[in-house]
């Protein structure tokens with residue numbers, strides 16, 4: 001069977017014929033195009049190409065070893081375009097016939113060398129491959145956008161699930177989570193339970209707008225009087241809880257509670273009125289318990305708070321020392 | 001219906017008639033104003049509600065809107081990636097037409113759950129083509145007609161093209177190709193981003 005140059009070129013636009021002395025004596029049109037004006041014909045194969053696999057074949061003496069195995073090679077000169085390929089011996093010792101392709105780096109090669117449809121054989125899947133690369137990246141872009149959106153929505157939903165919408169403070173769920181996590185980790189904390197006094201009167205005489213305003217103002221005071229890492233939660237209508245990591249000195253805790261109380265008792269302006277409220281506060285610290293249990297601590301702080309109410313409101317009661325001895329901690 | 005289809009309708013309405021028109025149509029169709037997620041599936045009824053609302057609000061027929069949607073998908077600058085994907089179908093308009101039967105398969109390679117109607121291409125005589133679409137969802141034919149009209153421009157081909165109604169449950173598109181290279185057409189580089 002004999003195949004003319006034109007037929008060979010049509011079937012294999014990336015072919016190369018190399019004579020036994022290593023000189024290139026024929027090349028497909030696409031390979032010629034890649035050389036961008038540099039001649040191929042008449043040059044030594046090893047001047048133009050560098051063998052990557054098999055390694056160590058650098059001169060004509062090794063040429064015959066290239067037949068029949070999978071080859072990796074690249075252009076010696078810039079842009080060092082890489083190829084995969086194979087070579088077969090030509091009849092009557094006329095040398096080798098190489099057929100090359102771009103392999104996985106084909107998108108780069110097509111862009112770099114400005115290749116078009118007609119630079120590839122009709123059976124070549126390069127165009128389909130390029131189509132797939134573009135289609136997949138378009139789909140990936142959409143998925144990335146969706147992922148980003150869902151992630152933001154999730155973060156926001158989580159935040160909202162732990163936030164009291166009126167005051168922007170944490171809610172009961174957030175407080176529960178923090179107390180449980182601290183107890184499990186054995187991290188000490190102080191607990192302050194606050195219930196507003198005379199809040200109902202504000203609501204009844206000035207309306208819910210005034211009540212909401214007072215709650216927001218109390219939230220602001222609580223945030224100002226605590227540290228960044230403290231948890232300030234609104235856990236009921238006019239009930240607040242503070243969880244203060246590492247703050248287990250009862251006197252210090254009382255000091256903070258007293259300061260909060262005096263600020264809450266300052267009149268709060270609303271639409272030309274001065275809203276006057278106060279608060280009953282119960283405190284306890286986790287180090288008073290052999291095994292701190294969040295429910296029990298909350299219950300104890302609550303009992304201290306009701307003792308404050310019974311004693312006339314507007315005061316801070318410390319658990320257990322300020323309570324009658326029969327209710328003290330075990 | 002696949003979210004990509006609903007999303008395409010949404011972008012077409014917004015880009016062609018303005019954000020305010022889209023809001024009105026979305027409200028009338030009872031779909032969220034922020035629209036559709038392209039990678040999710042929606043109930044078919046949503047798409048039909050959307051098209052009916054668009055036709056009513058814009059005083060247009062569904063058919064003419066769908067054909068404009070097809071043209072928009074190929075010719076709007078923001079939809080360049082879709083035009084490129086279609087141009088991979090062939091080096092000239094005739095080769096592109098013959099690649100149309102592969103279109104649903106090509107689409108599935110990229111988005112496996114996007115089912116497009118099966119399309120048959122028949123060259124009845126030199127330069128005269130009939131495309132038939134087999135789908136239980138009427139309307140794809142009008143979109144395809146719009147796409148083909150815009151692609152003919154893209155290739156620089158001069159064609160006469162019309163949606164020829166429905167026959168045996170298939171939508172038909174008739175194409176007469178007068179001149180394959182009537183105008184220069186738009187440039188297409190195999191490599192994305194090349195100039």
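With the largest listed first and rounded to whole Å, the semi-axes of the equivalent ellipsoid of the stretch B:152-195 from the Cα gyration tensor are 30, 15, 6. A quarter of the convex hull surface defined by the alpha-carbon atoms of the stretch B:118-182 gives 4.1 nm² as the mean projection. Relative to one another, the C-alpha centroids of the stretch A:216-243 and the stretch A:71-107 are positioned 73 Å apart. Label separation (residue A:204 vs residue A:153): 4.6 nm, computed from points 7 Å beyond Cα along the C-beta direction. Based on every Cα atom in the stretch A:1-56, Rg and the maximum pairwise Cα distance Dmax equal 12.0, 34 Å. Mean partner shielding of peptide A:97-105, defined as the number of other chain Cβ atoms within 10 Å of each residue Cβ, is 0. The long axis of helix A:172-185 is offset from the longest Cα principal axis of chain A by roughly 80 degrees.
For the stretch A:8-65 versus the stretch A:265-330, the inter-centroid distance based on Cα atoms is 90 Å.
Taking every alpha-carbon pair within the stretch B:20-84, the share separated by more than 16 Å comes to 56 percent. Peptide A:135-147 is shielded by partner chain Cβ atoms: per residue, an average of 4 of them sit within 10 Å of its Cβ. In degrees between 0 and 90, to the nearest 10, how far off the longest principal axis of chain A does helix A:126-161 point, with axes built from Cα atoms? Approximately 10 degrees, to the nearest ten. Structural size metrics of the stretch A:148-226, computed from C-alpha coordinates, are Rg and Dmax of 16.1, 48 Å.
For the stretch A:5-124, the fraction of C-alpha pairs farther apart than 22 angstrom is 27 percent. Both radii come from the Cα set of the protein assembly as shown: Rg as radius of gyration, Rh as Kirkwood radius; their ratio Rg/Rh reads 1.25. Comparing mean-square fluctuations of A:234, A:114, A:315 from a GNM of chain A with C-alpha springs under 10 Å, the top value falls on A:114.
Label positions at residue A:64 and residue A:265, each projected 7 Å from the Cα along the C-beta direction, are separated by 10.9 nm. Dividing the helix sum by the residues of chain A, where each DSSP H run of 4 or more adds -39500 (n - 2.57), gives a mean residue ellipticity at 222 nm of -12500 deg cm²/dmol.
Over chain B, DSSP H runs of length four or greater, each weighted -39,500 (n - 2.57), average out per residue to a 222 nm ellipticity of -15000 deg cm²/dmol. The per residue volume of the convex hull around the alpha-carbon atoms of chain B is 123 Å³. When chain B is treated as a GNM with alpha-carbon contacts under 10 Å, the residue of B:27, B:170, B:110 showing the greatest mean-square fluctuation is B:110.
Gain in length, residue A:72 to residue A:321, computed as 0.36 nm per residue apart minus the alpha-carbon separation, to one decimal in nm?
Once the chain is fully extended between residue A:72 and residue A:321, it gains 81.3 nm.
Build a GNM of chain A with springs between Cα atoms under 10 Å apart, and of A:309, A:72, A:154 the one that fluctuates most is A:72.
A viscosity of 0.890 mPa s and a temperature of 25 °C, combined with the Kirkwood radius over Cα pairs in Stokes-Einstein, give a translational diffusion coefficient for the stretch A:172-327 of 156 µm²/s.
Here, each number is a calculation from the coordinates, and none is a lab measurement. Worth saying up front: this structure is predicted, and the values here are computed from it rather than measured. Cβ: placed from backbone, ideal geometry, glycine included. Neighbour counts: every protein chain shown.
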